[in-house]
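S.K.: Input: one structure, supplied below.
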Amino acid sequence: YLSGDMALVDLSGPLDGLDVDKIPKWLFEIKKAWLLIPLQTHEKLLGFVVLKEPRAEYELIWEDHELLKAVGQQAASYLAQMIASDELSEAKQFSAFSQVSAFVVHDLKTLNSQLSLMVRNAEKHKNNPSFVEDMITTTEHAVNKMSILLGHFRSEEPLASSDSEQLNLVPLLREIVEGHRKLRPLP
(Lines give C-alpha, C1' and ligand atoms only; values in the text may rest on other atoms or scores of the structure.)
Protein backbone atom coordinates (compact mmCIF):
# COMPACT_ATOMS: atom_id res chain seq x y z
CA TYR A 1 0.00 0.00 0.00
CA LEU A 2 1.14 3.51 -0.73
CA SER A 3 0.40 6.14 1.86
CA GLY A 4 -1.13 9.53 1.12
CA ASP A 5 -1.93 10.29 -2.49
CA MET A 6 -1.77 6.94 -4.25
CA ALA A 7 -0.31 6.75 -7.71
CA LEU A 8 -0.72 4.23 -10.49
CA VAL A 9 1.07 0.98 -9.86
CA ASP A 10 2.80 -0.68 -12.82
CA LEU A 11 2.33 -4.41 -12.16
CA SER A 12 4.45 -5.47 -15.11
CA GLY A 13 7.67 -4.08 -13.62
CA PRO A 14 9.40 -4.09 -10.25
CA LEU A 15 7.09 -3.29 -7.32
CA ASP A 16 9.42 -0.83 -5.62
CA GLY A 17 7.91 1.09 -2.71
CA LEU A 18 5.12 -1.44 -2.14
CA ASP A 19 4.73 -3.89 0.71
CA VAL A 20 4.18 -6.99 -1.44
CA ASP A 21 2.97 -9.02 1.57
CA LYS A 22 -0.07 -6.71 1.89
CA ILE A 23 -1.10 -7.07 -1.75
CA PRO A 24 -3.76 -9.77 -2.23
CA LYS A 25 -2.30 -12.89 -3.84
CA TRP A 26 -5.16 -13.14 -6.34
CA LEU A 27 -3.95 -9.90 -7.91
CA PHE A 28 -0.75 -11.66 -9.03
CA GLU A 29 -2.84 -14.50 -10.48
CA ILE A 30 -4.46 -12.18 -13.04
CA LYS A 31 -2.77 -12.95 -16.32
CA LYS A 32 -1.16 -9.98 -18.02
CA ALA A 33 -2.08 -7.56 -15.21
CA TRP A 34 -0.53 -4.24 -16.18
CA LEU A 35 -1.75 -1.27 -14.15
CA LEU A 36 -3.39 -0.87 -10.79
CA ILE A 37 -5.50 2.31 -10.66
CA PRO A 38 -6.58 3.33 -7.16
CA LEU A 39 -10.12 4.60 -6.64
CA GLN A 40 -9.39 7.13 -3.97
CA THR A 41 -11.38 10.06 -2.65
CA HIS A 42 -10.37 12.33 0.21
CA GLU A 43 -7.41 10.05 0.96
CA LYS A 44 -9.75 7.09 1.42
CA LEU A 45 -9.13 4.09 -0.81
CA LEU A 46 -12.50 2.71 -1.96
CA GLY A 47 -11.14 0.14 -4.36
CA PHE A 48 -9.04 -0.15 -7.46
CA VAL A 49 -9.19 -1.08 -11.12
CA VAL A 50 -6.77 -3.51 -12.73
CA LEU A 51 -5.99 -3.00 -16.41
CA LYS A 52 -4.50 -5.81 -18.47
CA GLU A 53 -1.59 -5.25 -20.81
CA PRO A 54 -2.58 -3.44 -24.01
CA ARG A 55 -2.67 -5.43 -27.26
CA ALA A 56 -0.31 -2.99 -28.91
CA GLU A 57 2.93 -2.00 -27.24
CA TYR A 58 2.44 1.24 -25.36
CA GLU A 59 4.66 3.22 -23.06
CA LEU A 60 2.98 5.41 -20.48
CA ILE A 61 3.92 9.07 -20.26
CA TRP A 62 3.18 11.51 -17.46
CA GLU A 63 -0.01 12.71 -19.22
CA ASP A 64 -1.34 9.14 -19.17
CA HIS A 65 -0.61 8.92 -15.45
CA GLU A 66 -2.46 12.19 -14.81
CA LEU A 67 -5.44 11.15 -16.95
CA LEU A 68 -5.75 7.74 -15.31
CA LYS A 69 -5.38 9.33 -11.87
CA ALA A 70 -8.20 11.80 -12.70
CA VAL A 71 -10.39 8.97 -14.03
CA GLY A 72 -9.73 6.99 -10.83
CA GLN A 73 -10.68 9.98 -8.68
CA GLN A 74 -13.85 10.59 -10.70
CA ALA A 75 -14.86 6.93 -10.48
CA ALA A 76 -14.11 6.99 -6.74
CA SER A 77 -16.35 10.05 -6.24
CA TYR A 78 -19.23 8.28 -8.03
CA LEU A 79 -18.60 5.17 -5.96
CA ALA A 80 -18.53 7.23 -2.73
CA GLN A 81 -21.78 8.92 -3.76
CA MET A 82 -23.41 5.53 -4.43
CA ILE A 83 -22.22 4.22 -1.05
CA ALA A 84 -23.58 7.31 0.72
CA SER A 85 -26.88 6.98 -1.14
CA ASP A 86 -27.17 3.32 -0.14
CA GLU A 87 -26.41 4.19 3.49
CA LEU A 88 -29.03 6.96 3.43
CA SER A 89 -31.59 4.59 1.93
CA GLU A 90 -30.82 2.00 4.59
CA ALA A 91 -31.14 4.63 7.33
CA LYS A 92 -34.53 5.71 5.94
CA GLN A 93 -35.73 2.10 5.86
CA PHE A 94 -34.57 1.61 9.44
CA SER A 95 -36.36 4.81 10.47
CA ALA A 96 -39.59 3.65 8.78
CA PHE A 97 -39.27 0.26 10.47
CA SER A 98 -38.77 1.99 13.84
CA GLN A 99 -41.90 4.09 13.33
CA VAL A 100 -44.00 1.06 12.39
CA SER A 101 -42.60 -0.84 15.38
CA ALA A 102 -43.48 2.05 17.69
CA PHE A 103 -47.09 2.06 16.44
CA VAL A 104 -47.39 -1.71 16.80
CA VAL A 105 -45.92 -1.66 20.31
CA HIS A 106 -48.28 1.19 21.27
CA ASP A 107 -51.30 -0.74 20.01
CA LEU A 108 -50.18 -3.91 21.80
CA LYS A 109 -49.64 -2.00 25.06
CA THR A 110 -53.11 -0.48 24.78
CA LEU A 111 -54.70 -3.87 24.13
CA ASN A 112 -52.71 -5.42 26.98
CA SER A 113 -53.86 -2.67 29.37
CA GLN A 114 -57.51 -3.16 28.41
CA LEU A 115 -57.34 -6.93 28.78
CA SER A 116 -55.37 -6.73 32.06
CA LEU A 117 -57.89 -4.33 33.56
CA MET A 118 -60.70 -6.63 32.48
CA VAL A 119 -59.04 -9.68 34.06
CA ARG A 120 -58.37 -7.82 37.34
CA ASN A 121 -62.00 -6.71 37.60
CA ALA A 122 -63.57 -9.97 36.37
CA GLU A 123 -63.70 -11.70 39.77
CA LYS A 124 -65.29 -8.69 41.44
CA HIS A 125 -67.87 -7.92 38.71
CA LYS A 126 -68.49 -11.29 37.05
CA ASN A 127 -72.16 -11.26 38.16
CA ASN A 128 -72.80 -7.77 36.78
CA PRO A 129 -74.45 -8.16 33.32
CA SER A 130 -73.28 -4.73 32.16
CA PHE A 131 -69.65 -5.63 33.04
CA VAL A 132 -69.95 -8.93 31.18
CA GLU A 133 -71.39 -7.10 28.14
CA ASP A 134 -68.58 -4.54 28.30
CA MET A 135 -66.02 -7.35 28.66
CA ILE A 136 -67.34 -9.07 25.53
CA THR A 137 -67.22 -5.77 23.59
CA THR A 138 -63.67 -5.04 24.78
CA THR A 139 -62.50 -8.56 23.92
CA GLU A 140 -64.12 -8.32 20.50
CA HIS A 141 -62.39 -4.96 19.89
CA ALA A 142 -59.01 -6.43 20.96
CA VAL A 143 -59.42 -9.44 18.64
CA ASN A 144 -60.38 -7.18 15.71
CA LYS A 145 -57.44 -4.84 16.37
CA MET A 146 -54.98 -7.77 16.54
CA SER A 147 -56.45 -9.27 13.36
CA ILE A 148 -55.91 -5.98 11.54
CA LEU A 149 -52.32 -5.76 12.82
CA LEU A 150 -51.58 -9.33 11.79
CA GLY A 151 -53.25 -8.75 8.42
CA HIS A 152 -50.82 -5.93 7.66
CA PHE A 153 -47.86 -8.19 8.40
CA ARG A 154 -49.24 -11.07 6.33
CA SER A 155 -49.90 -8.96 3.25
CA GLU A 156 -47.12 -8.83 0.69
CA GLU A 157 -48.05 -5.27 -0.24
CA PRO A 158 -46.97 -2.36 1.94
CA LEU A 159 -49.55 -0.70 4.13
CA ALA A 160 -51.43 1.05 1.35
CA SER A 161 -54.65 2.94 1.16
CA SER A 162 -57.53 0.99 -0.32
CA ASP A 163 -58.95 4.25 -1.73
CA SER A 164 -56.93 3.97 -4.95
CA GLU A 165 -58.75 3.69 -8.24
CA GLN A 166 -57.95 3.78 -11.95
CA LEU A 167 -58.52 7.06 -13.73
CA ASN A 168 -58.75 7.71 -17.46
CA LEU A 169 -56.75 10.91 -17.96
CA VAL A 170 -57.88 11.63 -21.53
CA PRO A 171 -61.31 13.17 -20.69
CA LEU A 172 -59.79 15.04 -17.74
CA LEU A 173 -57.02 16.52 -19.88
CA ARG A 174 -59.51 17.50 -22.61
CA GLU A 175 -61.60 19.28 -19.99
CA ILE A 176 -58.56 21.14 -18.65
CA VAL A 177 -57.43 22.20 -22.13
CA GLU A 178 -60.96 23.33 -23.05
CA GLY A 179 -61.22 25.36 -19.85
CA HIS A 180 -57.96 27.20 -20.62
CA ARG A 181 -58.56 27.98 -24.33
CA LYS A 182 -58.54 31.75 -23.69
CA LEU A 183 -55.06 31.64 -22.14
CA ARG A 184 -51.84 32.39 -24.00
CA PRO A 185 -49.90 30.42 -24.99
CA LEU A 186 -52.73 28.21 -26.16
CA PRO A 187 -52.61 24.84 -24.41
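S.K.: Determine which aspartates and glutamates satisfy two conditions relative to LYS109: a Cα distance under 17 Å, and not lying fewer than 8 residues away in the same chain.
M.R.: GLU140
S.K.: May I ask you to derive the FRET efficiency for GLU178 and LYS145 from their Cβ-Cβ distance with R0 = 45 Å, giving the value to the nearest 0.05?
M.R.: FRET efficiency, GLU178 to LYS145: 0.40.
S.K.: How high is the FRET efficiency from GLN74 to ASP10, r the C-beta distance, R0 25 Å, rounded to 0.05?
M.R.: It comes out at approximately 0.75.
S.K.: Place a +1 charge on the Cβ of each Lys and Arg in the chain and a -1 charge on the Cβ of each Asp and Glu, then give the dipole magnitude about the Cα centre in debye, rounded to the nearest 20.
M.R.: Dipole of the chain, to the nearest 20 debye: 860 debye.
S.K.: Let me ask something else. Nearest 0.05, what FRET efficiency do PHE97 and LYS32 give at R0 = 45 Å with Cβ-Cβ as r?
M.R.: Taking R0 as 45 Å, the efficiency between PHE97 and LYS32 is 0.40.
S.K.: In addition: Measure nothing fancy, just the Cα-based angle from helix 169-179's long axis to the longest principal axis of the chain, in degrees from 0 to 90, nearest 10.
M.R.: Result, in degrees: 90.
S.K.: Once you keep just the Cα pairs under 8 angstrom separated by 6 or more residues, what percentage relative contact order results for the chain?
M.R.: 12 percent
S.K.: Shifting gears a bit: Would you compute, from DSSP H runs of 4+ residues alone, the mean residue ellipticity of the chain at 222 nm, taking -39500 (n - 2.57) per run and dividing by the full residue count, rounded to the nearest 500?
M.R.: One gets -20000 deg cm²/dmol as the mean residue ellipticity at 222 nm.
S.K.: For the chain, set up a GNM with springs between Cα atoms under 10 Å and report which of LEU173, LEU115, LEU60 has the largest fluctuation.
M.R.: Taking springs between Cα atoms under 10 Å, the residue moving most is LEU173.
S.K.: Oh, and also: Only Cα pairs under 8 Å and at least 6 apart count here; give the relative contact order of the stretch 1-110 as a rounded whole percent.
M.R.: With pairs under 8 Å counted, the relative contact order is 22 percent.
S.K.: Using unit Cβ charges (K, R positive; D, E negative) and no other charged atoms, how large, in debye to the nearest 20, is the dipole of the stretch 2-64 about its Cα centre?
M.R.: Roughly 400 debye, rounded to the nearest 20.
S.K.: Picking from GLY17, GLY47, GLY72, which is most flexible by a Gaussian network model of the chain using Cα springs under 10 Å?
M.R.: Checking each option, the largest mean-square fluctuation is seen for GLY17.
S.K.: When the chain is treated as a GNM, springs tying every alpha-carbon pair under 10 Å, which of ASP134, ASP21, ASP107 comes out with the largest mean-square fluctuation?
M.R.: ASP21
S.K.: OK, next. Please name whichever of ALA75, SER113, PHE97 sits farthest to the positive end of the charge dipole of the stretch 61-118, dipole taken about the Cα centre and charges placed at Cβ: Lys and Arg +1, Asp and Glu -1.
M.R.: Going by the Cα projections, it comes out as SER113.
S.K.: What's the longest piece of the chain with no exposed GluC sites (Glu not before Pro), counting a site as exposed if DSSP puts it in a loop and it has at most 15 other beta carbons within 10 Å?
M.R.: 60-155
S.K.: Treating cross-link reach as a plain straight distance, find the lysines whose alpha-carbon is under 29 Å from the alpha-carbon of LYS25, omitting any fewer than eight places away in the same chain.
M.R.: By straight Cα distance, LYS25 reaches LYS44, LYS52, LYS69.
S.K.: Something else now. Just tell me the longest site-free run in the chain, where the sites are chymotrypsin sites (Phe, Trp or Tyr not before Pro) in a DSSP loop having at most 11 other beta-carbon atoms within 10 Å.
M.R.: Counting at most 11 other Cβ atoms within 10 Å as exposed, the longest clean stretch of the chain is 59-187.
S.K.: How about LYS32: which aspartates and glutamates have a C-alpha closer than 18 Å to its C-alpha, ignoring those fewer than 8 places off in the same chain?
M.R.: Counting by Cα, and skipping residues close in sequence, LYS32 has these aspartates and glutamates nearby: ASP10, GLU53, GLU57, GLU59.
S.K.: Per q in 0.19 Å⁻¹, report the Debye log10 I(q)/I(0) for the chain, using one uniform scatterer on each alpha carbon and no solvent.
M.R.: For the chain, the Cα-only Debye profile gives -1.28.
S.K.: Please give, to one decimal in nm, the separation of the simple spin-label points placed at ASN128 and THR110, each 7 Å out from Cα toward the Cβ.
M.R.: If labels sit at ASN128 and THR110, their model points lie 2.4 nm apart.
S.K.: Quick one: angle between helix 62-125 and the longest Cα principal axis of the chain, in degrees between 0 and 90, rounded to 10, please.
M.R.: For 62-125 against the chain, the angle is about 20 degrees.
S.K.: Here is a further query. So how exposed is ASP64, as accessible area in Å² (1.4 Å probe, rounded to 10)?
M.R.: Near enough 30 Å² of accessible area.
The values are calculated or read from the model by the stated rules, or taken from the named source; none is laboratory data. Keep in mind it's a predicted model, so treat the numbers as computed, not measured. Reconstructed Cβ throughout: ideal geometry from the backbone, glycine too, with neighbour counts over all protein chains shown. Surface accessibility is based on the protein's heavy atoms, side chains included, excluding ligands, DNA and RNA. Shrake-Rupley method; radii C 1.70, N 1.55, O 1.52, S 1.80 Å.
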